[in-house]
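Below: the structure, in structure tokens.
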Amino acid sequence: MPFASPDTPRMPAAATPAPTVWLTALLAGAAPPLLAYNLPPSPTLINQCLAVALWGGFVLALAPAGASRRGAALQAALLALMLSVLASWRLGSLPASLMGSALGLLGSAMVLAWAGTQVASRCDAASVFVAFAFGLLAAGVLSVLVALVQVFAPGWTDGTLIAHSGVVGRAVGNLRQPNHLCSLLLWAVIAALALHELGRLARGPTVALVVALVFAVELSASRTGAIGLLLLALWGALDKRLSRTGRLLLLATPLLYAASYGAMAAWGEFSHHAVGAEARLAASSSGIESPNTRIRIWANALALIAEQPWTGVGFGEFNLAWSLTAFPGRPTAFFDHTHTLPLQFAVELGLPLAALVLLLLGVALWQGWRRAAAAAGQAGSAARAALVMVLLIGLHSLVEYPLWYAYFLLPAAFVWGFALGVPAAGAAPAAAAVATTIVSRRVGRMTGLALLLGGVLALGDYLHVVVIFAPGEASGALAERIERGQRSVLFAHHADYAAATADTPLPGTALGLQRAAHNLLDTRLMMAWARHLAANGQVDLARTLAQRLREFRNADADEFFALCPAGPEPDSAAFQCQTPHAAHGWREFVRSH
């Protein structure tokens, strides 16, 4: 039973979507970010497969139809990224499994963006957005409960229903990352405000939900989350069509955060525990500067861009290029992303293509703003909330990479498409049951079904590599499990890593080294690769790789370098102790296979 709001109109009953739309929206919005259960080697892979399948089910239930130029800029940007993936595979050295998984996610985003654009022009657009918003709100509210347990009753976490927090005193949600938890919570704040504006949440429940969600943001101690609250306050200041309750709540979110901080500081003093933002400040004030700051990785990325400005290092190849390029003052963590979307595009795609993609995204953002600002009534309220969701995840993408995860990418694509597709004030919406243009509703259902099945099949494919890292009694020998895993369509790189780092050489070791390095180079893989190069006569490359490994100053490599004498290098010293005879660029390692 919807709650009537005293300062917003009630939604017309005729605009109610089908029950399947409600069910799939709730499941797609809430289930992927709330799932704590995982199987090695990836802690979020099941969440992502679930996201693809459930958002596919959402598209299937919506049965979008038609084609429109309104989302052309966004679709063109995604298409350009897909072409860059193919180029990195066909013209570069990106393994097929990494290519396939990237294409799958980008293709899924194109489908969700198209679905959002088409649904926004229908007469049931606002009610579909209500179902979508309730899914996000459910995810946020349940994540508040998870955060409370992680901070106040950490002994209750079991890793299956509620994830363990890796940082004492901080909430990380079931996605196990404070920044991801905050983006989810802030999306839920927007959803709650949108539902109030659309007449589906009364003032009292809306206020209570926003207070609880902002309190959980404080428990995460995420600086990105705190900055996101300023964006919400800016929305409240600029959007004159919000209700009085909505504007005041948005303007109050930074104050609610400050009050939450004060309350937790008082509780921490009483209980003698540092929690939330206070725990983050305590760590920051220790006087020890972390080598793994974003400033350092950004500086390294800029150096790579200066070396390869036109074509970049190739989509998905940042980690490989960065790890194999000399950076004596590099961060000591193994980064697989620059932690900012514009730099990521520039370093991997090259400046010309990156500029084109960013220009297209900028045009799509401007178009979404124009259409959301021009739309009237409930469709306009929904479109403006959708646009703020896009801006929020875009803000997060300037310091992290949430859009590399399906449970953020796909709903972001949908709301972006929705903001682009909403009709202007006075325009008549299309009838929800009529296929009016190029693509029929049957094709829309088939597209959604393809995503649903794709998510399920991807999970089945993933199980081929899970058995390598978590074998059962009848799983077979390690070599057999790795061989089966290396035939995986989307996740062979995980099996390649196991082959490359096995204690004893396996038949698939050479193939594993050839492909695993393109996913994420770490200490074990770099040591195994260096030994392999040296054993196959490429000693100077092995010396160079050892030199790069030394720059990471990782304790796991101490035994590898234990053979090196403290004094001058004798000619008989092990290769890892010797200085390379020549300079070797990172692409030489790719050609060495």
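Annotation: extensible slack from T311 through T160 equals 50.0 nm (criterion: 0.36 nm per residue apart, minus Cα-Cα distance).
Rounded to whole Å, the principal axis extents of the Cα atoms in the chain read 84, 64, 52, largest first.
Computed about the Cα centre, the dipole magnitude for the range 278-406 is approximately 440 debye when only Lys and Arg (+1) and Asp and Glu (-1) carry charge, each at its Cβ. Residues in the range 507-519 carry Karplus couplings, in order, of x, x, 5, 4, 5, x, 5, 5, 9, 5, 5, 7, 8 Hz; the curve used is 6.51 cos²θ - 1.76 cosθ + 1.60 with θ = phi - 60°, and Gly or Pro positions show x. Fully extending the segment from A502 to F469 would add 10.7 nm, taking 0.36 nm per residue of separation and subtracting the current Cα-Cα distance.
Measuring from each cysteine beta-carbon in the chain, the ones with no other cysteine beta-carbon under 4.7 angstrom are C49, C123, C182. Annotation: amide H of R122 within the under-5 Å range of A430, sequence separation 5 or more or interchain, hydrogens built in the peptide plane. Test of understanding: given the chain, find the longest segment containing no GluC sites (Glu not before Pro) that are in a DSSP loop and have at most 14 other Cβ atoms within 10 Å. For GluC sites (Glu not before Pro) (loop position, at most 14 other Cβ atoms within 10 Å), the longest site-free span of the chain is 1-288. Taking amide H as placed 1.01 Å from N in the peptide plane, L39 has its amide H under 5 Å from the amide H of I46, each at least 5 places away in sequence or on another chain. Assuming R0 = 22 Å, what is the FRET efficiency of V167 and L39, from their Cβ-Cβ distance, to the nearest 0.05? Computed FRET efficiency for V167 and L39 comes out at 0.45. For the pair A376 and A96, a Förster radius of 51 Å applied to the C-beta separation gives a FRET efficiency near 0.55, rounded to the nearest 0.05. Only helical runs count toward this figure. For the chain, summing -39,500 (n - 2.57) over DSSP H runs of n ≥ 4 and dividing by all residues gives -21000 deg cm²/dmol at 222 nm.
Accessible surface computed residue by residue for the range 215-263, with neighbouring protein chains in place and a 1.4 Å probe, gives 43 Å² per residue. Spatial offset of the range 137-193 relative to the range 509-579 amounts to 40 Å, using the alpha carbon center of each. The stretch between R553 and A263, if pulled fully straight at 0.36 nm per residue, gains 100.4 nm over its current Cα-Cα span. Listed peptides 200-212, 154-166 appear in the order 200-212, 154-166 once ranked by packing, highest mean of other Cβ atoms within 10 Å at the front. The phi torsions of the range 62-78, fed into the Karplus equation with coefficients 6.51, -1.76 and 1.60 and a -60° offset, translate into couplings of 6, 6, x, 9, x, 9, 8, 7, 5, x, 4, 5, 5, 5, 5, 5, 5 Hz, rounded to whole numbers, with Gly and Pro shown as x.
Coupling constants for the range 371-387 follow from the phi torsions by the Karplus curve (6.51 cos²θ - 1.76 cosθ + 1.60, θ = phi - 60°), and in residue order they are 5, 5, 5, 7, 6, 10, x, 5, 4, x, 4, 5, 5, 5, 5, 4, 5 Hz; glycine and proline get x.
Here the spin labels are modelled as points 7 Å beyond Cα on the Cα-Cβ line, and at V211 and A566 they lie 6.4 nm apart. Only Lys, Arg, Asp and Glu carry charge here, each on its Cβ (+1 for the first two, -1 for the last two); on that basis the chain has a dipole of about 2080 debye about its Cα centre. Between S290 and L79, the modelled label-to-label distance comes to 4.1 nm, taking each label 7 Å out from Cα in the direction of the beta carbon. Across the chain, C-alpha contacts under 8 Å between residues 6 or more apart give a mean separation that, scaled by the residue count, equals a relative contact order of 21 percent.
The values are calculated or read from the model by the stated rules, or taken from the named source; none is laboratory data. Note that the structure is predicted; figures quoted are calculated from it, not measured. Virtual Cβ from ideal backbone geometry, glycine too; neighbours counted across all protein chains shown. Remember, those area values only see protein heavy atoms, side chains included, never the ligands or the DNA or RNA. Shrake-Rupley method; radii C 1.70, N 1.55, O 1.52, S 1.80 Å.
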